[in-house]
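The values are calculated or read from the model by the stated rules, or taken from the named source; none is laboratory data. Every value quoted in this text rests on a predicted model; they were computed, and no experiment measured them. Glycine also receives a Cβ, built like all others from the backbone with ideal geometry; neighbour counts cover every protein chain displayed.
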(Lines give C-alpha, C1' and ligand atoms only; values in the text may rest on other atoms or scores of the structure.)
Protein backbone atom coordinates (compact mmCIF):
# COMPACT_ATOMS: atom_id res chain seq x y z
CA UNK A 1 0.00 0.00 0.00
CA UNK A 2 2.90 2.39 0.70
CA UNK A 3 4.10 1.99 -2.90
CA UNK A 4 0.69 3.07 -4.12
CA UNK A 5 0.72 6.31 -2.12
CA UNK A 6 4.31 7.13 -3.09
CA UNK A 7 3.33 6.66 -6.73
CA UNK A 8 0.34 9.01 -6.37
CA UNK A 9 2.37 11.69 -4.58
CA UNK A 10 5.05 11.69 -7.31
CA UNK A 11 2.49 11.99 -10.13
CA UNK A 12 0.58 14.77 -8.35
CA UNK A 13 3.84 16.63 -7.74
CA UNK A 14 4.70 16.44 -11.44
CA UNK A 15 1.19 17.60 -12.31
CA UNK A 16 1.56 20.70 -10.10
CA UNK A 17 4.70 21.60 -12.05
CA UNK A 18 3.27 21.00 -15.52
CA UNK A 19 -0.13 22.70 -15.14
CA UNK A 20 1.24 26.20 -14.21
CA UNK A 21 3.58 26.01 -17.22
CA UNK A 22 0.61 25.29 -19.46
CA UNK A 23 -1.23 28.25 -17.94
CA UNK A 24 1.70 30.58 -18.72
CA UNK A 25 1.80 29.34 -22.32
CA UNK A 26 -1.95 29.92 -22.70
CA UNK A 27 -1.76 33.48 -21.31
CA UNK A 28 1.21 34.33 -23.55
CA UNK A 29 -0.87 33.28 -26.56
CA UNK A 30 -3.95 35.24 -25.48
CA UNK A 31 -2.24 38.63 -24.82
CA UNK A 32 -0.81 39.17 -28.36
CA UNK A 33 -4.13 38.09 -29.85
CA UNK A 34 -6.01 40.71 -27.81
CA UNK A 35 -3.56 43.47 -28.70
CA UNK A 36 -3.84 42.61 -32.39
CA UNK A 37 -7.65 42.80 -32.24
CA UNK A 38 -7.48 46.13 -30.43
CA UNK A 39 -5.07 47.59 -33.04
CA UNK A 40 -7.21 46.54 -36.00
CA UNK A 41 -10.61 47.58 -34.57
CA UNK A 42 -10.02 51.34 -34.35
CA UNK A 43 -7.23 53.83 -34.78
CA UNK A 44 -8.71 56.02 -32.05
CA UNK A 45 -8.22 53.58 -29.15
CA UNK A 46 -6.41 55.21 -26.25
CA UNK A 47 -3.30 53.29 -25.24
CA UNK A 48 -3.91 53.67 -21.50
CA UNK A 49 -7.47 52.32 -21.85
CA UNK A 50 -6.23 49.43 -23.96
CA UNK A 51 -3.60 48.47 -21.40
CA UNK A 52 -6.06 48.68 -18.51
CA UNK A 53 -8.66 46.67 -20.44
CA UNK A 54 -6.07 44.09 -21.45
CA UNK A 55 -4.84 43.73 -17.88
CA UNK A 56 -8.37 43.23 -16.53
CA UNK A 57 -9.13 40.75 -19.29
CA UNK A 58 -5.89 38.87 -18.75
CA UNK A 59 -6.48 38.71 -14.99
CA UNK A 60 -9.97 37.31 -15.63
CA UNK A 61 -8.63 34.76 -18.10
CA UNK A 62 -5.81 33.87 -15.72
CA UNK A 63 -8.36 33.25 -12.96
CA UNK A 64 -10.38 30.96 -15.22
CA UNK A 65 -7.25 29.02 -16.16
CA UNK A 66 -6.24 28.76 -12.48
CA UNK A 67 -9.68 27.34 -11.59
CA UNK A 68 -9.44 25.03 -14.57
CA UNK A 69 -6.03 23.90 -13.31
CA UNK A 70 -7.46 23.14 -9.85
CA UNK A 71 -10.27 21.09 -11.37
CA UNK A 72 -7.70 19.27 -13.49
CA UNK A 73 -5.70 18.42 -10.36
CA UNK A 74 -8.82 17.01 -8.68
CA UNK A 75 -9.64 14.91 -11.75
CA UNK A 76 -6.04 13.68 -11.88
CA UNK A 77 -6.24 12.74 -8.20
CA UNK A 78 -9.39 10.64 -8.66
CA UNK A 79 -8.03 9.05 -11.82
CA UNK A 80 -4.78 8.13 -10.08
CA UNK A 81 -6.69 6.56 -7.22
CA UNK A 82 -8.60 4.31 -9.63
CA UNK A 83 -5.42 3.53 -11.57
CA UNK A 84 -3.50 2.74 -8.39
CA UNK A 85 -6.25 0.34 -7.27
CA UNK A 86 -5.96 -1.46 -10.60
CA UNK A 87 -2.16 -1.61 -10.64
CA UNK A 88 -1.50 -2.53 -7.04
CA UNK A 89 -4.31 -5.05 -6.74
CA UNK A 90 -2.40 -6.97 -9.41
CA UNK A 91 0.31 -7.42 -6.79
CA UNK A 92 -1.94 -9.67 -4.69
CA UNK A 93 0.56 -12.49 -4.98
CA UNK A 94 3.08 -10.31 -3.15
CA UNK A 95 0.77 -10.31 -0.13
CA UNK A 96 1.17 -14.08 0.09
CA UNK A 97 4.94 -13.90 0.20
CA UNK A 98 4.72 -13.16 3.91
CA UNK A 99 4.93 -16.60 5.53
CA UNK A 100 2.13 -16.17 8.10
CA UNK A 101 -0.31 -14.83 5.53
CA UNK A 102 0.53 -17.68 3.18
CA UNK A 103 -0.26 -20.22 5.92
CA UNK A 104 -3.56 -18.49 6.73
CA UNK A 105 -4.56 -18.34 3.08
CA UNK A 106 -3.76 -22.01 2.48
CA UNK A 107 -5.64 -23.02 5.63
CA UNK A 108 -8.73 -21.12 4.46
CA UNK A 109 -8.36 -22.60 0.98
CA UNK A 110 -8.38 -26.14 2.40
CA UNK A 111 -11.12 -25.39 4.97
CA UNK A 112 -13.67 -23.16 3.25
CA UNK A 113 -15.91 -21.54 5.87
CA UNK A 114 -13.42 -21.81 8.74
CA UNK A 115 -13.86 -19.23 11.51
CA UNK A 116 -11.32 -17.01 13.26
CA UNK A 117 -10.85 -19.00 16.48
CA UNK A 118 -10.32 -22.19 14.52
CA UNK A 119 -7.62 -20.48 12.42
CA UNK A 120 -5.91 -19.30 15.62
CA UNK A 121 -6.09 -22.79 17.11
CA UNK A 122 -4.78 -24.62 14.04
CA UNK A 123 -1.88 -22.20 13.50
CA UNK A 124 -1.22 -21.65 17.21
CA UNK A 125 -1.22 -17.86 16.78
CA UNK A 126 -2.67 -15.04 18.86
CA UNK A 127 -5.99 -13.63 17.69
CA UNK A 128 -4.61 -10.11 17.19
CA UNK A 129 -1.92 -11.42 14.83
CA UNK A 130 -4.42 -13.48 12.81
CA UNK A 131 -6.87 -10.55 12.63
CA UNK A 132 -4.16 -8.31 11.20
CA UNK A 133 -3.20 -10.78 8.47
CA UNK A 134 -6.87 -11.53 7.71
CA UNK A 135 -7.43 -7.78 7.23
CA UNK A 136 -4.52 -7.59 4.76
CA UNK A 137 -5.81 -10.59 2.80
CA UNK A 138 -9.33 -9.15 2.61
CA UNK A 139 -8.00 -5.78 1.43
CA UNK A 140 -6.06 -7.58 -1.29
CA UNK A 141 -9.29 -9.36 -2.39
CA UNK A 142 -7.74 -12.75 -1.70
CA UNK A 143 -10.38 -13.86 0.81
CA UNK A 144 -14.04 -13.12 1.61
CA UNK A 145 -16.04 -13.55 4.79
CA UNK A 146 -19.65 -14.28 5.76
CA UNK A 147 -21.28 -13.64 9.15
CA UNK A 148 -22.96 -16.80 10.39
CA UNK A 149 -24.45 -16.67 13.88
CA UNK A 150 -21.74 -15.57 16.29
CA UNK A 151 -18.99 -16.57 13.88
CA UNK A 152 -17.45 -14.88 10.87
CA UNK A 153 -16.40 -17.53 8.41
CA UNK A 154 -13.73 -17.11 5.74
CA UNK A 155 -13.42 -18.26 2.13
CA UNK A 156 -10.89 -17.82 -0.64
CA UNK A 157 -12.03 -15.15 -3.09
CA UNK A 158 -13.86 -16.68 -6.07
CA UNK A 159 -17.09 -16.48 -8.03
CA UNK A 160 -19.05 -18.73 -5.65
CA UNK A 161 -22.46 -17.29 -4.82
CA UNK A 162 -23.88 -16.59 -1.38
CA UNK A 163 -25.74 -19.94 -1.36
CA UNK A 164 -22.47 -21.85 -1.66
CA UNK A 165 -20.85 -19.84 1.12
CA UNK A 166 -23.83 -20.30 3.44
CA UNK A 167 -23.84 -24.04 2.80
CA UNK A 168 -20.10 -24.30 3.42
CA UNK A 169 -20.61 -22.60 6.78
CA UNK A 170 -22.93 -25.41 7.88
CA UNK A 171 -20.67 -28.12 6.48
CA UNK A 172 -18.04 -26.92 8.98
CA UNK A 173 -20.35 -27.99 11.84
CA UNK A 174 -20.22 -31.70 12.54
CA UNK A 175 -23.91 -32.25 13.31
CA UNK A 176 -25.15 -30.04 10.47
CA UNK A 177 -22.78 -31.76 8.06
CA UNK A 178 -24.09 -35.21 9.02
CA UNK A 179 -27.70 -34.06 8.63
CA UNK A 180 -26.98 -32.66 5.17
CA UNK A 181 -25.06 -35.79 4.15
CA UNK A 182 -27.97 -37.97 5.26
CA UNK A 183 -30.49 -35.90 3.30
CA UNK A 184 -28.44 -35.81 0.09
CA UNK A 185 -27.41 -39.49 0.19
CA UNK A 186 -30.86 -40.88 0.95
CA UNK A 187 -32.54 -38.58 -1.56
CA UNK A 188 -35.84 -38.89 0.27
CA UNK A 189 -37.79 -37.33 3.11
CA UNK A 190 -36.21 -37.78 6.53
CA UNK A 191 -38.14 -37.66 9.78
CA UNK A 192 -36.97 -36.46 13.18
CA UNK A 193 -36.60 -40.07 14.22
CA UNK A 194 -34.47 -40.96 11.19
CA UNK A 195 -32.07 -38.08 11.80
CA UNK A 196 -31.92 -38.60 15.59
CA UNK A 197 -31.04 -42.25 15.09
CA UNK A 198 -28.42 -41.50 12.42
CA UNK A 199 -26.68 -38.81 14.51
CA UNK A 200 -27.28 -40.51 17.88
CA UNK A 201 -28.61 -37.28 19.39
CA UNK A 202 -31.93 -36.27 20.95
CA UNK A 203 -35.02 -35.20 19.04
CA UNK A 204 -34.73 -31.75 20.67
CA UNK A 205 -31.21 -31.35 19.30
CA UNK A 206 -32.45 -32.28 15.81
CA UNK A 207 -35.20 -29.65 16.13
CA UNK A 208 -32.59 -26.97 16.97
CA UNK A 209 -30.36 -27.86 14.00
CA UNK A 210 -33.27 -28.09 11.56
CA UNK A 211 -34.61 -24.66 12.55
CA UNK A 212 -31.22 -23.16 11.69
CA UNK A 213 -31.17 -24.91 8.31
CA UNK A 214 -34.77 -23.88 7.63
CA UNK A 215 -33.99 -20.23 8.41
CA UNK A 216 -31.36 -20.24 5.65
CA UNK A 217 -33.71 -21.93 3.18
CA UNK A 218 -31.46 -25.00 2.96
CA UNK A 219 -34.20 -27.42 4.02
CA UNK A 220 -37.98 -27.40 4.12
CA UNK A 221 -40.46 -29.81 5.67
CA UNK A 222 -43.77 -31.52 5.06
CA UNK A 223 -46.05 -32.53 7.87
CA UNK A 224 -47.71 -35.91 7.50
CA UNK A 225 -49.94 -36.64 10.43
CA UNK A 226 -47.99 -35.65 13.52
CA UNK A 227 -44.58 -36.14 11.94
CA UNK A 228 -42.33 -33.67 10.12
CA UNK A 229 -40.35 -34.89 7.13
CA UNK A 230 -37.41 -32.80 5.96
CA UNK A 231 -36.33 -32.24 2.35
CA UNK A 232 -33.12 -30.70 1.01
CA UNK A 233 -33.96 -27.72 -1.21
CA UNK A 234 -32.44 -26.66 -4.51
CA UNK A 235 -30.01 -25.14 -5.35
CA UNK A 236 -28.43 -26.34 -2.11
CA UNK A 237 -28.83 -30.00 -3.04
CA UNK A 238 -26.82 -29.57 -6.25
CA UNK A 239 -24.18 -27.46 -4.50
CA UNK A 240 -23.85 -30.03 -1.71
CA UNK A 241 -23.37 -32.88 -4.18
CA UNK A 242 -20.57 -30.93 -5.87
CA UNK A 243 -18.87 -30.06 -2.58
CA UNK A 244 -19.06 -33.55 -1.09
CA UNK A 245 -18.18 -35.64 -4.13
CA UNK A 246 -15.97 -33.45 -6.36
Quiz item: Out of curiosity, is residue 161 loosely packed, with under 12 Cβ neighbours inside 10 Å and under 38 Å from the mean Cα position of the chain (by Cα)?
Solution: yes
Quiz prompt | Test: residue 185 is surrounded by 16 or more Cβ atoms within 10 Å (Cβ to Cβ) and assigned to a helix (DSSP H, G or I) | solution = no
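Of the residues that make up segment 148-157, is at least one within 20 Å of residue 234 (Cβ to Cβ), surrounded by 12 or more Cβ atoms within 10 Å (Cβ to Cβ) and out of contact with any helix residue (DSSP H, G or I) (no Cβ under 6 Å at 6 or more places or on another chain)? Break it down into steps so the answer makes sense when it comes.
From segment 148-157, those within 20 Å of residue 234 (Cβ to Cβ) are none; that's our starting set.
Within segment 148-157, none of the residues are within 20 Å of residue 234 (Cβ to Cβ), surrounded by 12 or more Cβ atoms within 10 Å (Cβ to Cβ) and out of contact with any helix residue (DSSP H, G or I) (no Cβ under 6 Å at 6 or more places or on another chain).
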Practice problem: Output the residue which, of all residues in segment 228-246 that are in contact with a helix residue (DSSP H, G or I) (Cβ under 7 Å, 6 or more places away or on another chain) and more than 16 Å from residue 186 (Cβ to Cβ), is surrounded by the most Cβ atoms within 10 Å (Cβ to Cβ). | Solution: 239
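Checking the condition in contact (Cβ under 8 Å) with a residue 24 or more places away in the chain and over 24 Å from residue 144 (Cβ atoms), which residue from 240, 195, 213 passes?
Only one candidate passes the filter, namely 195.
Among 214, 197, which is under 30 Å from the mean Cα position of the chain (by Cα), more than 25 Å from residue 108 (Cβ to Cβ) and at pLDDT 80 or above?
214
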Quiz item: Given the structure, is residue 140 in contact with a helix residue (DSSP H, G or I) (Cβ under 8 Å, 6 or more places away or on another chain), at pLDDT 85 or above and outside the structural domain of residue 229 (by TED's automatic domain parsing)?
Solution: yes
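So which residues in segment 150-174 are in contact (Cβ under 8 Å) with a residue 40 or more places away in the chain and out of contact with any strand residue (DSSP E or B) (no Cβ under 9 Å at 6 or more places or on another chain), if there are any at all? Talk me through it step by step, then tell me what you get.
The first filter runs over segment 150-174 and keeps only residues in contact (Cβ under 8 Å) with a residue 40 or more places away in the chain, leaving 153-156, 163-172.
Correct list: 163, 167, 171.
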